[in-house]
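**Q** Please read through the structure below; I'll follow up with questions.
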Amino acid sequence: ELRPPDLIELSELLRSEARQLSAPEVSEEILDQLARALQGVTLQEARHAVRRALAGSRSLGAESLPALLEEKRLLINRGGVIEYVADGSSIGEIGGLERLKQWLLERRKLFQLRESLSTDIVPKGVLVMGVPGCGKSLSVKAIASYFELPLYRIDMIEVFSGRHGDPEGAFVKACKTLEDMTPAVIWFDEIEMGITAGEAGGQQGRIFAFFLTWMQEKARGLFVAATANRIDLLPAEMIRKGRFDEVFFVDLPLVPERIEILKIHLRRRDVDGSGFNLERLAAYMKGWTGAEIEQSVVSALTKARLKEQQLTEQDLFQAAAEVVPLAQTMKEQINHIRSWAFERAVRASPVAVGG
Ligand SMILES: Nc1ncnc2c1ncn2[C@@H]1O[C@H](COP(=O)(O)OP(=O)(O)OP(=O)(O)O)[C@@H](O)[C@H]1O
Ligand SMILES: [Mg+2]
């Protein structure tokens, strides 16, 4: 079995490609960055990526990084099961979830020291579950940029689609491939879609068993971030401590969190919300998800732009009045998720006080 080239081979490749073009010498530090960007692809693919990147500028440097990463994204995604996620959402774009953020702050330090720590202290991963649209995916993207690591997403639905041969083989292969991409954050999205206990001895059961072993034995440089909605489908062993360092439950945001989310989404769209009564708006949005808050900001802004006017507080309230929140239509399901998570997970936000 051929392993993808390591950092030394990749640096050598970069050097020789640059020499062939008589491009200026590249510092060791930049070379290392560029080599890291190419980790996970074959030597031939790496060469192809470097040439494509060089075709534009005829020199290698920090400015080549985005082009190399884009080439890698295309190459990795071609496989179908693993997706390289280039979204650089930062922790500052998450409203609320203060406990989760605090936890990550501590883990980042430990993760960076991983080579000098004993295996049981090195962070292995986190499971984030909870109400849809409250920032699970966003948190995972933020973890990767906070840890300054590339993010790879394993699509469990692809694994089970049959397009990549039998699911067990495809899953094992994907996990093995990831070992060659350290350090990285690995995102198992909707993990409950693939990893269920299933009947003993069946394929599902074997995939699950493999996953548990892999979680314990995988390379130190891999941090796993798994997300789940239907947590009740997850086997108990998955949640038991030891596999994941922590299990977080992301609930509907509270008033201060909703204000923060509003501010984030206004700011992201270059709207100065300092004159708006966001407290009142946030109070109105009781039981809303982060995604719904964002959606109402977008729709208010769209209307204002169509009228060729600045966004007003009234636009925001009008748009808000038109949203039918998930918590209303899916009350039962959300209550079910909540009560289930109550005993089994740590709230990602500080303990609830009122709505
Ligand atoms: N806490 C939050 N702070 C800021 N924005 C948020 C927050 N929660 C959700 N959003 C916005 O809503 C969008 C959707 O959230 P996200 O994809 O993270 O939800 P999710 O929990 O993964 O949902 P799903 O279960 O549907 O996958 C985000 O991209 C973000 O723009
Ligand atoms: Mg998601």
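The values are calculated or read from the model by the stated rules, or taken from the named source; none is laboratory data. Everything numeric in this text was worked out from a predicted model, so none of it was measured. Glycine also receives a Cβ, built like all others from the backbone with ideal geometry; neighbour counts cover every protein chain displayed. The accessibility values were calculated without ligands, DNA or RNA, using every heavy atom of the protein model including side chains. Shrake-Rupley method; radii C 1.70, N 1.55, O 1.52, S 1.80 Å.
**Q** Leaving out ligands, DNA and RNA, what percent of the accessible area of the range 1-120 is carbon and sulfur, probe 1.4 Å? Could you put the intermediate results ahead of the total?
**A** Numbers: 3460 of 6780 Å².
With neighbouring chains kept in place, the figure for the range 1-120 is 51 percent.
**Q** Could I ask something else about it? So, by mean Cβ neighbours within 10 angstrom, what's the order for 20-26, 153-159, 202-208 with the highest one leading?
**A** Peptide ranking by packing, descending: 153-159, 202-208, 20-26.
**Q** Charges only on Cβ, +1 for Lys and Arg, -1 for Asp and Glu: so what's the dipole of the range 30-154 about the Cα centre, in debye to the nearest 20?
**A** Numbers: 18 positive and 13 negative charges, 34 e Å.
With Lys and Arg at +1 and Asp and Glu at -1, about 160 debye.
**Q** With a/c under 1.5 counting as rounded, go ahead and sort the range 255-323 into rounded, prolate or oblate using the C-alpha gyration tensor (a ≥ b ≥ c being the square roots of the eigenvalues; past the cut-off, prolate if a/b is larger than b/c, else oblate).
**A** Note, shape of the range 255-323 comes out prolate.
**Q** Which value, in Å² and to the nearest 10, is the accessible area of ASP251 when all protein chains are kept and the probe is 1.4 Å?
**A** Roll a 1.4 Å probe over it and ASP251 shows about 20 Å².
**Q** Efficiency by 1/(1 + (r/R0)^6): what FRET value for ARG51 and GLN102, r their Cβ-Cβ distance, R0 = 41 Å, to the nearest 0.05?
**A** With a Förster radius of 41 Å, E is 0.35.
**Q** Sticking with this one: Go through LEU105, ALA86, ILE264 and say which Cα lies farthest out towards the positive end of the charge dipole of the chain; charges sit on Cβ, +1 for Lys and Arg, -1 for Asp and Glu.
**A** So the residue furthest toward the plus end is ILE264.
**Q** Moving on to the next point. How long is the gain from SER90 to MET330 if the chain were fully straight, where each residue apart is worth 0.36 nm and the alpha carbon distance is subtracted?
**A** Values: separation 240, 0.36 × 240 = 86.40 nm, distance 2.98 nm.
Result for the pair: 83.4 nm of gain on full extension.
**Q** If R₀ is 35 angstrom, what is the calculated FRET efficiency for the pair LEU74 and LEU110, using the beta carbon separation as r and rounding to 0.05?
**A** E between LEU74 and LEU110, to the nearest 0.05, is 0.55.
**Q** Can you sort THR289, THR119, THR312 by 1.4 Å-probe accessible area, starting with the largest? Can you show the working numbers first?
**A** Numbers: THR289 5, THR119 80, THR312 60 Å².
Ranking THR289, THR119, THR312 by accessible area, largest first, yields THR119, THR312, THR289.
**Q** Name the residue from VAL140, LEU38, ALA18 whose Cα lies farthest towards the positive end of the charge dipole of the chain, charges +1 on Cβ of Lys and Arg and -1 on Cβ of Asp and Glu.
**A** Checking the options against the dipole of the chain, the answer is VAL140.
**Q** Skip the ligands, DNA and RNA, and give the accessible area per residue of the range 7-78 with a 1.4 Å probe, whole Å². Present the calculation step by step, with values, prior to reporting the outcome.
**A** On the way: 3960 Å² over 72 residues.
About 55 Å² of surface per residue is accessible.
**Q** Please compute the contact order of the chain in relative form: average sequence separation of alpha-carbon pairs under 8 Å and at least six residues apart, divided by the residue count, as a percent.
**A** Across the chain, relative contact order equals 18 percent.
**Q** How much accessible area per residue does the range 273-355 have, in Å², with a 1.4 Å probe?
**A** 60
**Q** What's the extension gain from ALA62 to ARG267 if we count 0.36 nm per residue and subtract their Cα-Cα distance?
**A** Value of the extension gain: 70.9 nm.
**Q** A further question follows. Loop-only check: which GluC sites (Glu not before Pro) in the range 242-334 are DSSP coil with at most 10 other Cβ within 10 angstrom?
**A** For GluC sites (Glu not before Pro) across the range 242-334 that sit outside H, G, I, E and B with at most 10 neighbouring Cβ atoms in 10 Å, the list reads GLU308.
**Q** Each label point is 7 Å from the Cα along the Cα-to-Cβ direction; what then is the distance between the points at LEU117 and GLU29, in nm?
**A** Result for the modelled spin labels: 2.6 nm.
**Q** Using the structure shown, select from LYS72/LYS124; LYS176/LYS218; LYS72/LYS173; LYS109/LYS173 the pairs with a Cα to Cα distance greater than 21 angstrom.
**A** Among LYS72/LYS124; LYS176/LYS218; LYS72/LYS173; LYS109/LYS173, the Cα-Cα distance tops 21 Å for LYS72/LYS124; LYS109/LYS173.
**Q** Each label point is 7 Å from the Cα along the Cα-to-Cβ direction; what then is the distance between the points at ILE157 and VAL298, in nm?
**A** 1.7
**Q** Shape verdict for the range 7-78, please, from the Cα gyration tensor: rounded (a/c under 1.5), prolate (a/b greater than b/c) or oblate.
**A** Since a/c reaches 1.5 and a/b is larger than b/c, the shape of the range 7-78 is classed as prolate.
**Q** Carbon and sulfur: what percent of the range 130-221's accessible surface (1.4 Å probe)? Intermediate results must be reported in sequence, preceding the final value.
**A** Values: 1760 of 3390 Å².
Heavy-atom surface of the range 130-221 belonging to carbon and sulfur, 1.4 Å probe: 52 percent.
**Q** Counting Lys and Arg as +1 and Asp and Glu as -1, each charge on the Cβ, what is the dipole of the chain about the Cα centre in debye, to the nearest 20?
**A** 260
**Q** Still on this structure, please answer the following. Could you give the size of the charge dipole of the range 255-323 about its Cα centre, using +1 on the Cβ of each K and R and -1 on the Cβ of each D and E, expressed in debye and rounded to the nearest 20?
**A** 60
**Q** Residues of the range 213-255 with the amide nitrogen closer than 19 Å to a label point 7 Å from the Cα of TRP340, along Cα-to-Cβ, please.
**A** The answer is 226-241, 244, 246-253.
**Q** Is the shape of the range 218-294 best called rounded, prolate or oblate, per the rule: a/c under 1.5 gives rounded, else a/b larger than b/c gives prolate, else oblate, with a ≥ b ≥ c the square roots of the Cα gyration tensor eigenvalues? Mind dumping the intermediate values first?
**A** Working: a/c = 3.74, a/b = 2.15, b/c = 1.73.
The shape class here is prolate.
**Q** How far apart, in nm, are two points set 7 Å out from the Cα along the Cα-to-Cβ line at PHE210 and at GLN310?
**A** Between PHE210 and GLN310, the label points sit 5.9 nm apart.
**Q** With angles folded into 0 to 90 degrees, how steeply does helix 313-322 sit against the dominant principal axis of the chain? Use alpha carbons for both and round to 10.
**A** Once rounded, one gets 90 degrees.
**Q** Cα centroid distance between the range 206-227 and the range 100-154, in Å?
**A** After rounding, the separation between the Cα centres reads 14 Å.
**Q** Another one. Under 28 Å from the Cα of LYS303, which lysines turn up, not counting those fewer than eight places away in the same chain?
**A** Cross-link targets: LYS263, LYS286.
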